[in-house]
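The values are calculated or read from the model by the stated rules, or taken from the named source; none is laboratory data. The structure presented is a predicted model; accordingly, all values stated were derived computationally and were not measured. With ideal geometry, Cβ positions are generated from the backbone for all residues, glycine too; neighbour counts draw on all protein chains shown.
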Amino acid sequence: QAGYKLDIKDLFKYPEVAELATHLRVSDTQLADQEEVSGAVLLTPIQQWFVEQEQPVPDHFNQAVMLHREQGFEEEPLRQALTQLVVHHDALRMVFRKAEQGWEAWNRGVKEGKLYDLEVADFKDVPIGPTLGQAIEAWAS
């Protein structure tokens with residue numbers, strides 16, 4: 001952000017700040033605008049391909065992730081991290097709808113409603129084995 005460049009290998013090779021500073025170089029790359037993108041956007045090639053497949057229920061295509069940690073998670077810090085991720089990456093806020101001339105896409109602004117769903121389930125008291133799998137499937141359906 002300050003206009004300097006540093007190779008990651010140098011960060012590990014020179015752990016002392018005084019040594020590391022001698023390996024800084026002025027960056028010649030332009031920084032991308034990091035302002036929020038919202039409003040109408042063009043479909044990317046992969047998005048265009050997807051809508052051309054004419055899925056029977058395209059609005060049910062999504063990506064679900066199940067996080068597991070033996071000690072569990074603190075829900076509020078996890079929500080804060082996910083919110084920052086979605087705020088930073090405009091593509092995670094993209095919304096699509098079918099219009100008369102084809103599909104339209106737009107980026108929701110960060111203040112335009114819920115940005116993601118996070119459902120929390122605790123299976124610590126369920127024994128590992130088939131019972132756990134059944135409990136997870138029952139909860140997810």
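A few points about this structure:
- Taken as a whole, the structure leaves Asp117 outside the set of residues that are more than 30 Å from Glu52 (Cβ to Cβ) and part of a loop (DSSP other than H, G, I, E, B).
- Residues in the stretch 1-47 that are among the aliphatic types (A, V, I, L, M), in a loop (DSSP other than H, G, I, E, B) and in contact with a Phe, Trp or Tyr (Cβ under 7 Å, 6 or more places away or on another chain): Leu24, Leu43.
- Pairs, first more than 13 Å from Tyr116 (Cβ to Cβ) and assigned by TED's automatic domain parsing to the domain that holds Glu54 in the stretch 69-98, second part of a helix (DSSP H, G or I) and polar (S, T, N, Q), C-beta under 9 Å, six or more apart: Phe96/Gln47
- Unique residue being surrounded by 10 or more Cβ atoms within 10 Å (Cβ to Cβ) and either touching a Ser or Thr at 6+ places or on another chain (Cβ under 8 Å) or not in a loop (DSSP other than H, G, I, E, B) (or both) when the list is Phe73, Phe50: Phe50
- Selection from the stretch 102-141 of residues that are under 30 Å from Ala40 (Cβ atoms) and aliphatic (A, V, I, L, M): Ala105, Val110, Leu115, Leu118
- Taking every residue in the stretch 1-23 that is touching a residue at least 12 places away in the same chain (Cβ under 8 Å) and pairing it with any residue that is surrounded by 11 or more Cβ atoms within 10 Å (Cβ to Cβ) and assigned to a loop (DSSP other than H, G, I, E, B), at least 6 positions away or on another chain, the pairs with Cβ-Cβ distances below 6 Å are Gly3/Ser27; Tyr4/Leu24; Tyr4/Ser27; Lys5/Ser27; Leu6/Leu24; Asp10/His23; Leu20/Tyr14.
- Only one of the numbered conditions (1) out of contact with any helix residue (DSSP H, G or I) (no Cβ under 9 Å at 6 or more places or on another chain); (2) assigned by TED's automatic domain parsing to the domain that holds Val126 is violated by Ile8, and that is (2).
- Val110 satisfies every condition listed in (1) in a loop (DSSP other than H, G, I, E, B); (2) without any contact (Cβ under 8 Å) to a residue 60 or more places away in the chain except (2).
- Residues of the stretch 53-66 that turn out to be surrounded by 10 or more Cβ atoms within 10 Å (Cβ to Cβ) and not in a helix (DSSP H, G or I), as a count: 2
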